Amino acid sequence: MANIKKKVGRTVCKYIKLNDNAEYDKDNYIVKVTINGIIYKSCALCNIFYVVGGRNTKYCPDCRDKANSLKTSERYKEKQLTKV
């Protein structure tokens, strides 16, 4: 019988699961709620709950464009600083 080595590692959770319907982050803010099979998440900018439409959503549809423009301008500024 061959020795099979298992990779031992530790996973770090970003969220604390309260029950099957709610998850909290480290600051005890509700991040994700499931009601009647529909998943709601809180927006990272405005903290309003919205229906999750995709898998990796972080912002509500109203804040999505604003967040994208902020990130784009930050990337542009970093790029300009590294050119010097």
Farthest positive-ward along the range 16-83 dipole, Cα basis, beta-carbon charges - from 35, 21, 50: 50
Gyration tensor verdict on the range 16-83 (Cα atoms; rounded if a/c is under 1.5, prolate if a/b is larger than b/c, oblate otherwise): prolate
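Sorted by packing (mean other beta-carbon atoms within 10 Å per residue), highest first, where do 56-64, 69-77, 31-39 land? It would help to have the intermediate numbers written out before the result.
On the way: 56-64: 14.0, 69-77: 10.2, 31-39: 11.9.
The packing order, highest mean first, is 56-64, 31-39, 69-77.
Values in this text are rule-based calculations from the coordinates and carry no lab data. Being a predicted model, the structure only gives us computed values, none of them experimental. Please note: Cβ atoms are built from the backbone with ideal geometry, for glycine as well, and neighbour counts cover all protein chains shown.
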